[in-house]
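Report on the following structure.
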Amino acid sequence: MELLKLHHDFISDHHQRRTPFILFQGGRRSGKTVSILQFLYMESLTHPHTRTLIVTDTYARLKESIFQDLIMINRSAGGDGRRMRIHFTGGTRVLFETGSDFAFVYAGRDVRGYASNFTYIFFNECIQYDARTVREALKAAGPGCQVFFDYNPYTRFWVNDLYETADNKLITTYHDNPFLSDFVRRELDRTAAMGKDAAPGTMERYLYEVECRGIDSTLSGLCLPHHRTIPDEEYHTSPLPEILACDWGALRATADPDVICGFRFDDNAIYAHEYYYSREGGDAEMAAVLRSIPFRRQYLVYDTATEGADRVRSLFARTHLRFHFFPARKGAGSVLTGIRNLQPYEIRVTASSRHFLEELENYRFVQKGDTLQPVDSWNHCCDALRYAFDLWTMLPAQRKKC
């Protein structure tokens, strides 16, 4: 089995020292994922009954990346269907002839259904999900569990802040992977040549820094960079009318939260307050929150996804508050249009709106194909803001002042 010596030596050193958290940051095709899976594969064969939990963001990544890499590793090590078997019934598992196993969970899913005492936990492409996922999965760690993270950078993020120490991170690039095909190496060499001398902030420089050098980039800036914190009293005592906005998630088997936020608008600034943010609540809990808000016949705009109209009817039946209900306007390009419309405003968020402030610090543009798109996370309160702003722009001037 071909091993990347740089990765193998780094893992062996930290494995012997029992380093609890081991970070692999790197550019495209630097071999991060394969090297970690090779180590976990060998540990499962040489130490019977080793238990490993692998966290990934989607089933597609599991099927197209993790499984394919494991099959390749097993084949290159001379293994067959008896040494390692992939099972899809009763929860996806990889079983080894030694009694070791790999279990899998998707980012944001509840991991309490899995037994605890895992020897290893591997967070694959961890930049795709949030710190809460990690905290929940770490509850399944056994004594002395070692935890691996791998990611392509686009900016410093929560893994660096929470789990990075002076020497537990390895940064690699495609130059460190001698097993790349000539075609892939030429493709990355072209990207590097185009971006090395490009101006900071351009797409070419971004791709060079992230994909070729494996370092943080300056291009993928915040979607809504102009924001600051204000005291809660400043929001609640404002004479500006309030628009409430909802973004749904939790009750329809997604990893997303249910969100209720309030917004007040003037010509220069947007005032925001987070009333509700939960992945574990329900309509009764949200109805109680709505009843606690001073009722002045506010407008309430709601997410039309996840049976949004049914959710609103349920909330109305529980509250009997006669909000002016409006469905959010959606459609192709509505997210980018909404972000562009919001960017000139300063967003003033109450100090108690913890999740909203966290989202604003992490809601960024990322590379998708040939374009920059907002990352599909850290956007739930921000989506509610888009819905409310869109409604505010449609209201007649006299209603905005009522």
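Values quoted throughout were computed directly from the atomic coordinates according to the rules given, and no laboratory measurement underlies them. Just so it is clear, the structure is predicted and the values come from calculations on it, not from any experiment.
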May I ask for the angle, rounded to the nearest 10°, between helix 380-394 and the longest principal axis of the chain, with both axes built from Cα atoms and the value confined to 0 to 90°?
30 degrees
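Compute the Cα gyration tensor for region 6-113, then decide on rounded, prolate or oblate, letting a ≥ b ≥ c be the square roots of its eigenvalues: rounded whenever a/c is under 1.5, prolate when a/b is larger than b/c in the other cases, and oblate in all that remain. Provide the component values of the computation, followed by the final result.
Numbers: a/c = 1.34, a/b = 1.15, b/c = 1.17.
Rounded, because the longest to shortest axis ratio a/c is under 1.5.
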Mind checking the angle between helix 5-16 and the chain's longest principal axis? C-alpha axes, 0 to 90 degrees, to the nearest 10.
80 degrees
The list (i) 60, 56, 47; (ii) 71, 49, 41; (iii) 75, 51, 37 gives values of Cα extents along the principal axes in Å, and only one came from this structure; which label was calculated from it?
(iii)
Working from Cα positions, state the angle (0 to 90°, nearest 10) between the long axis of helix 67-76 and the longest principal axis of the chain.
10 degrees
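Is region 220-346 rounded, prolate or oblate when judged by the Cα gyration tensor, a ≥ b ≥ c being the square roots of its eigenvalues, rounded requiring a/c under 1.5 and prolate requiring a/b larger than b/c? Spell out each step's value before the answer.
Numbers: a/c = 1.69, a/b = 1.21, b/c = 1.40.
Because a/c hits 1.5 or more and a/b fails to exceed b/c, region 220-346 counts as oblate.
As a quick test, which of the pairs Lys139/Lys169; Lys139/Lys330; Lys63/Lys196; Lys169/Lys330; Lys32/Lys196; Lys32/Lys330 have an alpha carbon distance above 32 angstrom in this structure? It would help to have the intermediate numbers written out before the result.
Details: Lys139/Lys169 23 Å; Lys139/Lys330 38 Å; Lys63/Lys196 34 Å; Lys169/Lys330 41 Å; Lys32/Lys196 23 Å; Lys32/Lys330 38 Å.
Too far apart for the 32 Å limit: Lys139/Lys330; Lys63/Lys196; Lys169/Lys330; Lys32/Lys330.
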Check: C-alpha center region 279-344 vs C-alpha center region 2-76, spacing in Å is 43 Å
Out of the DSSP beta bridges found with both residues in the chain, what percent are antiparallel (nearest 5)?
40 percent
